[in-house]
1. Return the pair list, or none, for Cβ contacts closer than 6 Å from residues in the stretch 6-30 that are without any contact (Cβ under 8 Å) to a residue 40 or more places away in the chain to residues that are surrounded by 12 or more Cβ atoms within 10 Å (Cβ to Cβ) and not in a strand (DSSP E or B), at least 6 apart or on different chains.
2. Report the residue count in the stretch 157-202 for those that are aromatic (Phe, Trp, Tyr) and touching an Asp or Glu at 6+ places or on another chain (Cβ under 6 Å).
3. Within the stretch 26-45, can you find the residues that are more than 13 Å from Asn65 (Cα to Cα), assigned to a loop (DSSP other than H, G, I, E, B) and open to solvent by less than 100 Å² (accessible area, probe 1.4 Å)?
4. Could you tell me which of the residues Thr163, Thr80, Thr131, Thr110 is without any contact (Cβ under 8 Å) to a residue 60 or more places away in the chain, surrounded by fewer than 15 Cβ atoms within 10 Å (Cβ to Cβ) and polar (S, T, N, Q)?
5. Go through (1) open to solvent by less than 40 Å² (accessible area, probe 1.4 Å); (2) out of contact with any Lys or Arg (no Cβ under 6 Å at 6 or more places or on another chain) for Ala150 and report which single condition fails.
6. Could you tell me which numbered condition Glu20 fails, if it satisfies all but one of (1) acidic (Asp, Glu); (2) within 18 Å of the chain's Cα centre (by Cα); (3) within 28 Å of Ser158 (Cβ to Cβ)?
7. Give me the residue from the stretch 46-74 that is among the hydroxyl-bearing types (Ser, Thr, Tyr) and open to solvent by less than 60 Å² (accessible area, probe 1.4 Å) and, out of that set, farthest from Asp4 (Cα to Cα).
Amino acid sequence: YRFDNGVAPYVSYAESFKQEFVGTDVDGNPFKPSRGAQYEVGTRWQSADGASLVSLALFDITRSNITVSDPANPGFMIQTGKATSRGVELELRHAWGDLAVEANASWLRTEDVNGARLSGVPERMGSVWATWKPSEGTLAGFKAGLGVRARGAVWDGSDVQRTPGFGLVDAMIGYETEAYDLALNVRNLGNLSYVTYCGGGA
């Protein structure tokens, strides 16, 4: 529902399925697709001139029919249990004339069938990106951007091996017309060495 003041609360529900593992279990039974269910509630606000946007969402995702290694029969897989992901997402956007800034952050709590955090899934992520794009004058068409993105620590699926988080700086410079858009994007501007994931958990 959209109020006259720009506030728009919403509720959503979605289901999904995906054949993630092709094969059979030790008894020759084919694996079923994993299934998912997502509940989400949130609200958005946009200013009348479109220069500002705020979005906040809370979600709960459950996956079932997850395929894991069969502890009783090495080399085979079984489908058992479920995994959950619950979190909050926040997004902010605002434009001051030719300068636009976008920021987002998320907080996530995950749990697999054994009660451990899901492998390779960070509990916290966030980014800030600013773009300068002159609309008139001799620099019209020119654009430049600079931003920072950060990712929190991740675990190996058994809550034993922890991979530390990291933060990176990105940049962009380009020129845009109605006919074409040229841009040079540089990721990890500071040439930072970092580890994305280590661990062998499920």
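The values are calculated or read from the model by the stated rules, or taken from the named source; none is laboratory data. Worth saying up front: this structure is predicted, and the values here are computed from it rather than measured. Cβ coordinates were reconstructed from backbone atoms using ideal geometry, including for glycine residues, and neighbour counts include every protein chain displayed. The protein model used for the area step is the full one, side chains on, heavy atoms only, and it has no ligands, DNA or RNA in it. Shrake-Rupley method; radii C 1.70, N 1.55, O 1.52, S 1.80 Å.
1. Hits for this filter: Phe17/Pro33; Lys18/Pro33; Gln19/Pro33.
2. Qualifying residue count for the region: 0.
3. Pass one, the stretch 26-45, residues more than 13 Å from Asn65 (Cα to Cα): 26-29, 38-45.
Those still in the list that are assigned to a loop (DSSP other than H, G, I, E, B) too: 26-29.
Within the stretch 26-45, Val26, Gly28, Asn29 meet the criteria.
4. Of Thr163, Thr80, Thr131, Thr110, the one residue that is without any contact (Cβ under 8 Å) to a residue 60 or more places away in the chain, surrounded by fewer than 15 Cβ atoms within 10 Å (Cβ to Cβ) and polar (S, T, N, Q) is Thr80.
5. (1)
6. Going through the list (1) acidic (Asp, Glu); (2) within 18 Å of the chain's Cα centre (by Cα); (3) within 28 Å of Ser158 (Cβ to Cβ), Glu20 breaks only (2).
7. Thr67
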